[in-house]
Amino acid sequence: MGSYWSADSNVGSIMFFYNPETNINNFATLKTEFEKYLATQGAYQFQPFNEKNTFEQVISHEKGNVYLLSNWHLKELQKKNIKLKIALVGSSKGNITQSKILSAKIETTDISMLQHSTIASSGTENYTRSLLKQMLGANQQNLIDNINILTVPKDIDALMAVGFGMANAAISAESSLDKLAKINPNQFQQLHTLGKSKASYLLVAATLEAPNQAEQQLLEILKKMSKDESGEKNLRLLGLDEWKSL
């Protein structure tokens, strides 16, 4: 969604979504499928955003809504004194956390080779540079500022970009490297790890402070999604297979 958005007056609680860690290229499908599912549960609305500032503008002090966002973004918002609190965490293949890996064809401990290089990532540029700072160190800010970021649709595309020579390195989740090892073992074997981020939660569902009754109802809907075929299908659109309570 762009810079303008307004709520449907005919719905109650709203589920807002924004994730800088992934590049979702079909918001219309995501919104349609989620609202189709939510319609079977009650008068709810699902609103995805592809712009960080627009998403942050809809985080009001009014209770009743649930926000689906990355754990990294939630921490950024908490620094701005936006008091979002994690209620549920997404899970994939039994994991609720993941680390991001910086991979390249060159095996080296000399990170200066990344100067003016191109790094492929499915995350936003701001998120990607934040990861690089964590992996390479805050004292490498000048080097990081001179790295070009190639934004691609998915992690696997970032890894393939290195294989095809479109990028010098890629940032991806550990699970994406496992996937590459299965679908293209030769390309996987060419990659070397240059850096690794701290483990972080996958997508989280958050509310303002402790959830009230309306928010709790939305959270219960999320928790039940993995129990039916339609819910599972929508979870896969988010790269998850279930929601778990902390």
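The values are calculated or read from the model by the stated rules, or taken from the named source; none is laboratory data. Model, not experiment: these values are computed from the prediction. Glycine also receives a Cβ, built like all others from the backbone with ideal geometry; neighbour counts cover every protein chain displayed. Remember, those area values only see protein heavy atoms, side chains included, never the ligands or the DNA or RNA. Shrake-Rupley method; radii C 1.70, N 1.55, O 1.52, S 1.80 Å.
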> Filter the range 209-224 for residues that are assigned to a helix (DSSP H, G or I) and among the aliphatic types (A, V, I, L, M); which is most open to solvent (accessible area, probe 1.4 Å)?
Replying inline: Ala214
> Using beta carbons and a limit of 6 Å, which pairs, at least six apart or on different chains, have the first residue in the range 100-127 and surrounded by fewer than 15 Cβ atoms within 10 Å (Cβ to Cβ) and the second one in a helix (DSSP H, G or I)?
Replying inline: Gln115/Leu143
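The rows are residues; the columns are (1) modelled with pLDDT under 90; (2) out of contact with any Phe, Trp or Tyr (no Cβ under 7 Å at 6 or more places or on another chain); (3) not acidic (Asp, Glu).
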site: Leu30; (1), (2), (3): no, yes, yes
site: Glu35; (1), (2), (3): no, no, no
site: Phe49; (1), (2), (3): no, no, yes
site: Lys52; (1), (2), (3): no, no, yes
site: Phe55; (1), (2), (3): no, no, yes
site: His61; (1), (2), (3): yes, yes, yes
site: Gly64; (1), (2), (3): yes, yes, yes
site: Tyr67; (1), (2), (3): no, no, yes
>> Out of the helices (runs of 4 or more DSSP H) lying entirely within the range 66-156, which hold 3 or more residues that are under 20 Å from the mean Cα position of the chain (by Cα)?
In response: 71-79, 125-136
>> Condition check: open to solvent by 10 Å² or more (accessible area, probe 1.4 Å), part of a loop (DSSP other than H, G, I, E, B) and closer than 16 Å to Ser122 by Cα. Does Asn23 satisfy that?
In response: yes
> Conditions: (1) more than 22 Å from Ala173 (Cβ to Cβ); (2) open to solvent by less than 80 Å² (accessible area, probe 1.4 Å). Glu62 meets all but one. Number of the miss?
Replying inline: (2)
> Between a first residue in the range 26-38 that is over 15 Å from Lys224 (Cα atoms) and touching a residue at least 12 places away in the same chain (Cβ under 8 Å) and a second residue that is in a helix (DSSP H, G or I) and open to solvent by less than 50 Å² (accessible area, probe 1.4 Å), which pairs have beta carbons less than 7 Å apart while being 6 or more apart in sequence or on different chains?
Replying inline: Glu33/Asn234
> Does any residue of the range 167-180 turn out to be surrounded by fewer than 18 Cβ atoms within 10 Å (Cβ to Cβ), aliphatic (A, V, I, L, M), more than 18 Å from the chain's Cα centre (by Cα) and in a helix (DSSP H, G or I)?
Replying inline: no
>> Just checking, does the range 4-13 include any residue being at pLDDT 90 or above, surrounded by 12 or more Cβ atoms within 10 Å (Cβ to Cβ), over 17 Å from the mean Cα position of the chain (by Cα) and farther than 20 Å from Ser122 by Cα?
In response: no
